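Here is the structure we will look at.
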Amino acid sequence: MMSNHKRRSARRSLLAFALMFGLSLALGVVINLANPYEAAASPASDRAVSAQAPGYAGSESCRDCHENILNVWKGTRHSQAFSSPIFQRDWAAEQSDVTCLECHTTGYDPATGKYTEEGIGCEVCHGSFQPGHPETAMPVKPDAELCARCHKQTTDEWRASIHSGAGIVCEDCHNPHSQTPKAETITALCTNCHKERGDSFTHSSHANAGLECSNCHMYTSPRTSSPIKGLVPTGHTFSVGSDACIGCHQDTVHTRDEIIKLSGEVQQLSQVDTATLQQKLDEQEQHIATLEARSSVRLYTGLAQGAIIGLMTGGAAAWVVSRGVRLVEVEEDEK
C-alpha cells in the first residue's frame, strides 16, 4: 500500500517538475527572442529620433522665424523622403539597407544608426543648427556639390550639359524649398535665356502642338521596372536624341525620305500657275467626255453587228435543220 502511494507521489512530482521546467523554458525562449529585437534592433529600422544628436535641432525649431518656408517644405518630396510609400517599399526590398538613410533622413550617424529627423529637413542643406543663429548665419553655398550628395546621377548628367559649362546651377532653375521650377511652366523657365529658339520650325511647330521644352530636351524612356536604389535618368543633359523623336513619331520616323519627296512635290505645285492648271483640267475633262462618247458608239455598233450576224447564222441553222427533217419524211414515205 505504501509502495503504491510512493509511486504516485513520485509520478506527480515528476509531472510538476516537467510542467514548471517546460513553462520556464518557453518563457526564457520568448524573453530571449523579444529582448534582442527591442534592445539591439537594426539601426536602419530603429525610427526613434535621437534628440541628443549633437548640433541638430530639427526642422520644427525653424518655425518661429520661417513658418511660411516650413509649411511649403512639408508638402515636398524632401519632407517625405523617408515616409514615402515608394521608398518604404524599395527600402524593404533592400532589406533596410542603412546606406539609404544617408539621403532619406536628417542627421544620420552611420556609427550609431540614429538620425534626428525623418526626411530631408532644413539642416541637411543649411547645416546643423548654430547656437548663435540668427546672428550667426547659416548660409548655403549655391552649387551642385550640395545636391550631388544625394542626386549624384542627376548632377553627373548636368556636368555633361551645356548648362554646366555656362555656369547654370541647380538653384537657377529649381526652388530649393518647394522643389518646383522658378517659373509657371517649363517653357517659361527655358525662355528666360533661350528667347530665340521659337523662331525655328522645329521649336515653333512642337510648341503649337502643346509640347514643352522638357518633352524633348529632358526626354527619358518610360521605365518598365523599378529603379535600382532610386537611381533613374532624369534628362539633365538636355540633349535631344533619336529616342525622343521615336517616343512620339513611331509611325513616321522611318518615312523621312518619303516626307522629303512629298514636300518637294508640294513646293513644285505651289509654283505652278493656277490658270495653266485649270486649262489642263478642262482638256482632261474634254478628253474623258470624248472617250465616253466613243465608248457608247462602239457599244451600240457592237449590238447592231451582233444582231445582224445572229439573224444570218440563226436563219441558216434553221434552214439546215428543216431540210434534214424533210429528207427523213420522204425516205419513210417511199418505204
**Study point:** Rule-of-thumb Rg ratio for the stretch 142-240 [Cα; 2.2 N^0.38 Å; N residues]
**Key:** 1.14
Practice item. Kindly rank 303-309, 78-84, 164-170 from highest to lowest mean number of other beta carbons found within 10 Å of each residue. Key: 78-84, 164-170, 303-309
**Study point:** Entries of LYS74/LYS114; LYS141/LYS195; LYS74/LYS152; LYS74/LYS195; LYS74/LYS141 with Cα pairs more than 25 Å apart
**Key:** LYS141/LYS195; LYS74/LYS195
Exercise for review: Counting other Cβ atoms within 10 Å, keep those with at most 13, restrict to DSSP loop, and tell me which GluC sites (Glu not before Pro) in the stretch 127-178 are left.
Suggested key: GLU135
Practice item. Please list, in chain and number order, the residues 5+ apart from THR105 or on another chain whose amide H is under 5 Å from its amide H, with Hs placed from the backbone. Key: GLY119
Exercise for review: Return the sequence-ordered ³J(HN,Hα) values of the stretch 301-308 in whole Hz as given by the Karplus equation 6.51 cos²θ - 1.76 cosθ + 1.60 applied to θ = phi - 60°, using x for Gly and Pro.
Suggested key: 4, x, 5, 5, 4, x, 5, 5
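Where a number appears in this text, it was derived from the coordinates with a stated rule and is not lab data. Just so we're clear, the structure is a prediction, and the values are computed from it rather than from any experiment. Neighbour counts are summed over all protein chains in view; Cβ atoms, including those assigned to glycine, are modelled from backbone coordinates with ideal geometry.
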